[in-house]
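First up is the structure itself, then whatever we jot down about it.
The values are calculated or read from the model by the stated rules, or taken from the named source; none is laboratory data. All of these numbers come straight from a predicted model, not from anything done at the bench. As a convention, Cβ positions derive from the backbone with ideal geometry for all residues, glycine included, and neighbour counts pool all protein chains shown. With ligands, DNA and RNA removed, areas are computed over all heavy atoms of the protein, side chains included. Shrake-Rupley method; radii C 1.70, N 1.55, O 1.52, S 1.80 Å.
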Amino acid sequence: MAGIVDVRYPIKGLCVWHPFGLVLKNKVYLILRSLLDVDHQEALFPLLIPETEFMKEAEHIKGFEEEVYWVTKGGTTPLDVPLALRPTSETAIYPMFKLWIRSHADLPLKMYQIVNTFRYETKHTRPLIRVREITSFKEAHTAHTTWEAAEKQVHEAMRIYSEFYDRLAIPYIITKRPNWDKFPGADYSIAVDTLMPDGKTLQIGTIHHLGSNFAKTFDITYEDVNGEQQYVHQTCYGISERCIAAVIAIHGDDKGLVFPPEVAPIQVVVIPIPFGKGKDVLEASKRVHKMLSDAGFRAALDSSDERPGAKFYKWEMKGVPLRIEVGPRDLKSNSVTLVRRDTSEKTSIPVPDLVPAINQKLKDIHANLCVRAKKSFDERVVECATLSEVKTAVKKGIARVNWCGDEQCGIKMEDGTGADVLGELAQTKKGKCPVCGKDADKVVLMARTY
Ligand code: PR8
């Protein structure tokens with residue numbers, strides 16, 4: 001995470017975003033916003049939630065009670081009602097939904113916010129992956145007339161998240177979380193997982209069908225077409241800075257960061273390769289840099305006194321997708337040398353053709369990152385029939401295994417392998433449950449998880 005976040009802040013689980021990391025984060029979240037802004041409204045709710053609201057939904061509290069930070073004093077005065085720092089905002093948002101939703105004409109209601117949330121995580125904290133202040137929690141909350149309409153939104157959220165991760169060239173797999181691990185207060189939960197280089201999976205998003213559980217607790221009703229009051233049906237779905245962790249870990253290589261061009265803080269760096277005392281190379285580099293900036297690329301010119309080799313190394317480490325070298329020989333032919341970060345491929349391009357060439361190369365890089373990451377992902381998903389096969393498979397990646405659907409068998413699968421059940425796939429396949437031996441056509445994925 002070097003150069004992205006600084007972990008030396010003196011509170012465990014809290015990190016500082018470096019300016020460079022923040023540019024990356026903002027580019028990534030711009031994609032997320034653009035996908036949501038199509039039909040969601042952005043809102044902003046308070047950080048503090050009164051204990052009285054927080055304690056209303058029984059399952060929700062049970063799920064979060066060990067993770068909540070409490071504000072109990074204002075200065076030296078004890079507060080009448082303790083205030084929770086939101087671990088997520090259902091209990092902040094839904095009392096307001098109750099006020100805002102009157103009739104079926106107000107539905108569907110689709111809102112999101114991107115905020116910080118706090119979770120007193122007891123598992124080992126890790127920068128971007130398991131933090132106690134989630135700085136970039138995108139949470140969407142929707143309300144619908146029927147359970148089926150909410151379920152449609154679950155599918156719509158799956159589509160949005162798929163597109164989001166495609167844009168980041170991150171391979172993912174979508175499953176239905178097992179019942180014993182659903183979101184506290186949900187009817188069911190869907191998880192989006194990716195596979196990290198070390199073979200552990202990272203949950204990079206979840207989508208929850210809340211049914212009318214919260215609607216009943218917070219009394220969120222609407223008047224239907226017949227003039228009768230009905231409870232709304234809700235969904236919520238969230239993504240955190242784990243999406244940045246995935247981009248860094250999955251695309252990075254021995255030389256450092258590798259960014260998909262759409263989110264790269266700098267897309268092209270121009271490096272003059274001076275020869276003798278001539279200023280021509282520097283002047284030509286400046287012209288190229290201006291031409292690229294004018295064309296809308298995020299371009300940098302490195303005219304520092306370092307040796308070209310040191311500059312190559314530095315910008316490679318920073319993940320810049322394309323490097324342009326301008327040397328005396330290039331100058332003579334009015335061309336430049338273009339070098340790809342992902343493949344190290346070098347091409348000579350005439351200056352007049354540079355803008356379309358860069359556009360094409362950036363597209364090629366994105367496509368290559370997609371293919372490369374997908375291949376590495378697919379190679380590590382292994383079909384298994386027994387728990388001992390699962391044990392082997394999860395050393396490197398994901399095990400696909402049949403399951404009879406019985407919770408006890410599911411828990412035994414976890415206990416017997418030391419891996420987690422990520423969830424159930426939508427597709428079925430005939431087979432046997434590895435625990436009870438009964439016919440089982442459900443297929444679950446298992447892995448060691450972050
Ligand atoms: C919800 N309510 O809260 P979820 N550090 C970094 N990322 C995290 C952490 C953490 N400590 N904990 C969770 N995440 C629902 C949906 C509103 C929105 C990330 O759901 O608890 C994980 O990627 O499942 C998780 O999938 C996502 O936030 C949503 O959190």
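Tabulated data for the structure shown
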read-out	value
Cα centroid separation - the range 354-396 against the range 406-450, whole Å	24 Å
Residue 131 long-range amide H proximity, modeled H, under 5 Å	126
Gain on full stretching of the segment that runs from residue 148 to residue 216 - 0.36 nm per residue minus C-alpha separation	22.8 nm
Exposure rank, largest accessible area first [379, 151, 389; 1.4 Å]	379, 389, 151
Theoretical gain in end-to-end length, residue 280 to residue 7 [0.36 nm per residue, Cα-Cα removed]	93.9 nm
Span from the the range 229-288 Cα centroid across to the the range 10-89 one, whole angstrom	27 Å
Qualifying trypsin sites (Lys or Arg not before Pro) in the range 217-326, DSSP loop, other Cβ atoms within 10 Å at most 11	277, 279
Whole-Å distance, taken between Cα centres, linking the range 149-181 and the range 105-142	16 Å
From the C-alpha gyration tensor of the range 278-329, square roots of 5λ in Å	17, 17, 8
Binned Cα-Cα distance frequencies in the chain - 20 Å width, integer %	22, 47, 26, 5, 0
Normalised contact order of the chain, rounded percent, pairs of Cα under 8 Å and 6 or more residues apart	13 percent
Sequence ranges 423-429, 114-120, ranked by mean other-Cβ count within 10 angstrom, highest first	114-120, 423-429
Pairwise label distance in nanometres, residue 69 with residue 348, each label 7 Å out on the Cα-Cβ vector	5.9 nm
Cα-based Rg of the range 268-364 normalised by 2.2 N^0.38 Å, two decimals	0.98
Relative contact order for the range 5-251, counting Cα pairs under 8 Å that sit 6 or more residues apart, in percent	21 percent
Additional length obtainable on full extension of the chain from residue 81 to residue 379, 0.36 nm per residue less Cα span	101.9 nm
Zone residues, the range 416-430, relative to residue 391, backbone N less than 18 Å from point 7 Å out along Cα-to-Cβ	416-421
Summed side-chain charge close to residue 229 - residues other than residue 229 whose Cβ falls under 14 Å, Lys, Arg +1, Asp, Glu -1	-2
Cβ-defined net charge surrounding residue 314, 12 Å radius [Lys, Arg +1; Asp, Glu -1]	+2
In order through the range 172-182: 3J(HN,Hα) via Karplus (6.51 cos²θ - 1.76 cosθ + 1.60), integer Hz, x for Gly, Pro	8, 9, 10, 9, 8, 4, x, 4, 6, 10, 7
Point-charge dipole on Cβ atoms (K/R +1, D/E -1) for the chain, about Cα centre, debye to 20	2000 debye
Three-way shape call for the range 73-208 based on the alpha-carbon gyration tensor, with the a/c threshold at 1.5	oblate
Axial C-alpha extent at least 27 Å, average Kyte-Doolittle at least -1.0 - helices from the chain (DSSP)	354-379
Total formal charge among the other residues, if their Cβ is under 15 angstrom from that of residue 188, Lys/Arg +1 and Asp/Glu -1	-2
Hull-based mean projected area of the range 383-447, where the convex hull spans the alpha carbons, in square nanometres	3.5 nm²
Relative contact order %, the range 332-427, counting alpha carbon pairs below 8 Å whose residues are six or more apart	16 percent
Coarse-grained scattering of the range 302-419 at q = 0.09, 0.10 Å⁻¹, given as base-10 log I(q)/I(0) from a Debye sum over alpha-carbon atoms	-0.49, -0.55
Where labels lie 7 Å past Cα in the beta-carbon direction, separation of residue 438 and residue 360 in nm	6.0 nm
Per-pair calculated FRET efficiency, R0 = 30 Å: residue 133 and residue 314 via Cβ, rounded to 0.05	0.45
Shape of the range 5-251, Cα gyration tensor, a/c cut at 1.5	oblate
